[in-house]
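Values quoted throughout were computed directly from the atomic coordinates according to the rules given, and no laboratory measurement underlies them. Only a predicted model underlies this, so the values are computations on that prediction, with no experimental measurement involved. Here Cβ is always computed from backbone atoms with ideal geometry, including for glycine, and neighbour counts include all displayed protein chains.
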Amino acid sequence: MVKYSLLRGREADDPVSFKRWPRCVRRVAAGSVAGCLAALSLTAAAAQADTYGVRITNIRSGLHADVMWASANPFTGVFLWPTNSSLSQKFDLLDSGGGYFRIRAEHSGQCLMLDWRSGYYSNGTPVIQYPYCNAGYSPAEWRVGWVGDPPRCSGDVCSTDNLSFPVLVNRATGRCLDAANPSSNPPRQQAPLQQWDCIRYNTDWNAGNQEFTIGDSFNAL
């Protein structure tokens, strides 16, 4: 049976470094296991390296995380926007160890983190940029988690689909990067990014708000 989640309450595996989720996306199907293992072994040596100039893309909408209006001001939020040439859509992933990383906007040199100014973190806390990118500040550190479809059981035997989808989990709260969107439709252009309780399954009504890929490392196989 496939272990399919790294989310709070469903920690089936150890955290996976952002350099170790290749195109195979853990598809465990006949004929594909060897390819997945080969891709993982090729990237394992670079698992602790920083990565530069990648986009963070909402899978359902195809829109990218973009610092609002390419502003370099601290406390500026992040929303979804179509592909363009602005460096406000390009991010450096700075390794923090243990599978976690910081996300630094290339145009401003500031890192994406939870907005602390309310004094607490909750569902709906905005994601902002701020010029503090030191390792060890957990509200600015993220890791990749995985979700799939719910298990289907017949008696004592349960199985899941082969394909899992990536989400980004904040280290401080265990909540996920989320596009503000009260609909089950794909999130719209200019939907602001926030944190929200992580989905459990790909079939949850708001799954499209939380499934993100980094760079070109995800293909729906």
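General observations
- FRET E, pair Thr83, Tyr52, Förster distance 25 Å, beta-carbon r, rounded to 0.05: 0.85
- Residues whose amide H lies under 5 Å from that of Trp146, counting only those 5 or more places away or on a different chain, are Leu6, Leu7, Val167; hydrogens are built 1.01 Å from N in the peptide plane.
- With both labels modelled 7 Å from their Cα along Cα-to-Cβ, the Cys158 to Phe75 distance reads 4.6 nm.
- If you take all other residues with their beta carbon under 14 Å from the beta carbon of Ser86, and give Lys and Arg +1 and Asp and Glu -1, the sum is 0.
- For Thr125, residues with placed amide H under 5 Å, excluding near neighbours: Gln195
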